[in-house]
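The values are calculated or read from the model by the stated rules, or taken from the named source; none is laboratory data. These figures come from a predicted structure and were not determined experimentally. Please note: Cβ atoms are built from the backbone with ideal geometry, for glycine as well, and neighbour counts cover all protein chains shown. With ligands, DNA and RNA removed, areas are computed over all heavy atoms of the protein, side chains included. Shrake-Rupley method; radii C 1.70, N 1.55, O 1.52, S 1.80 Å.
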Amino acid sequence: VRGIISSLVEYGLLYKSNGDIQHALEKYKQADEFAHNTDDKVSKAEIAAAMAEIQVEANQFDQALRNADKVLDAVSESSNQKLFIRALIIKSKILIHENEFLSATQLLDKVLDESRSSGNLIYELEALRLGAICFERLGRVDRAQHYRNDFALLNEKIKNTDLLRQIDRLQFQLLVEKVEAENKILRTTKVHNESVISRQRFQNVILLITV
């Protein structure tokens with residue numbers, strides 16, 4: 001059953017990445033139906049979170065809220081911090097849609113605390129982006145600007161981190177290629193030397209026979 005669930009979730013992710021929200025939701029709903037036959041609370045919560053995120057994009061806010069609450073019923077900040085944060089972000093987006101900006105900032109403060117404590121830069125970045133929107137709509141321009149500044153700094157940090165990772169991967173690849181090239185040269189040299197030795201031995205045998 002878990003193999004089927006994983007496959008359906010993968011199909012859902014594929015459809016989502018291609019912008020096909022309807023088919024993505026269908027796959028997640030099918031995965032959710034199979035998940036009901038298991039006792040895996042985390043898998044159920046992950047599917048509910050994925051569905052809620054898509055439902056927010058599709059403006060299906062009531063369904064998204066129900067799924068976000070399912071996640072929060074199943075996990076906590078201590079049992080599964082990542083899923084907990086995802087659910088809070090989903091609920092904050094729903095509150096923003098409902099113009100409940102102050103309530104949204106309270107959830108986003110929690111997201112910032114949790115994401116910073118775990119070093120999850122992506123969720124921290126999203127909380128800063130949404131927080132800036134909320135404070136702008138609340139008329140707290142200075143606080144909104146503060147969030148935007150933090151967002152810009154963190155976004156640059158993430159880009160630099162990604163760039164360093166790409167450089168590390170490139171350097172590693174170059175090292176691998178260098179080692180492979182050196183090994184190829186060594187193998188070629190070894191074959192050449194063995195050929196020379198074999199030829200020399202053959203010539204020595206011919207000389208002995210001649211003598």
Across (1) within 14 Å of residue 127 (Cβ to Cβ); (2) among the small types (Gly, Ala, Ser); (3) open to solvent by 50 Å² or more (accessible area, probe 1.4 Å), residue 87 clears everything bar (3)
So is residue 113 surrounded by fewer than 18 Cβ atoms within 10 Å (Cβ to Cβ), of a type outside the set (S, T, N, Q), free of Cβ contacts under 8 Å to residues at least 60 places away in the same chain and more than 18 Å from residue 134 (Cβ to Cβ) or not?
no
Evaluate region 56-76: report whether one residue or more is of a type in the set (A, V, I, L, M), buried (at least 19 other Cβ atoms within 10 Å of the Cβ) and more than 22 Å from residue 9 (Cα to Cα).
no
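Let's see how each residue does on (1) surrounded by 14 or more Cβ atoms within 10 Å (Cβ to Cβ); (2) of a type in the set (S, T, N, Q); (3) modelled with pLDDT under 95; (4) touching a Ser or Thr at 6+ places or on another chain (Cβ under 7 Å):
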site: 107; (1), (2), (3), (4): yes, no, no, yes
site: 119; (1), (2), (3), (4): no, no, yes, no
site: 181; (1), (2), (3), (4): no, no, yes, no
site: 193; (1), (2), (3), (4): no, yes, yes, no
Please tell me if residue 28 is open to solvent by 60 Å² or more (accessible area, probe 1.4 Å) and in contact (Cβ under 8 Å) with a residue 12 or more places away in the chain.
no
In region 34-45, what residues are farther than 14 Å from residue 7 by Cα and not hydrophobic (A, V, I, L, M, F, W, C)?
36, 37, 38, 39, 40, 41, 44
Given (1) at pLDDT below 95; (2) open to solvent by less than 40 Å² (accessible area, probe 1.4 Å); (3) within 20 Å of residue 54 (Cα to Cα), index of the condition residue 92 fails:
(1)
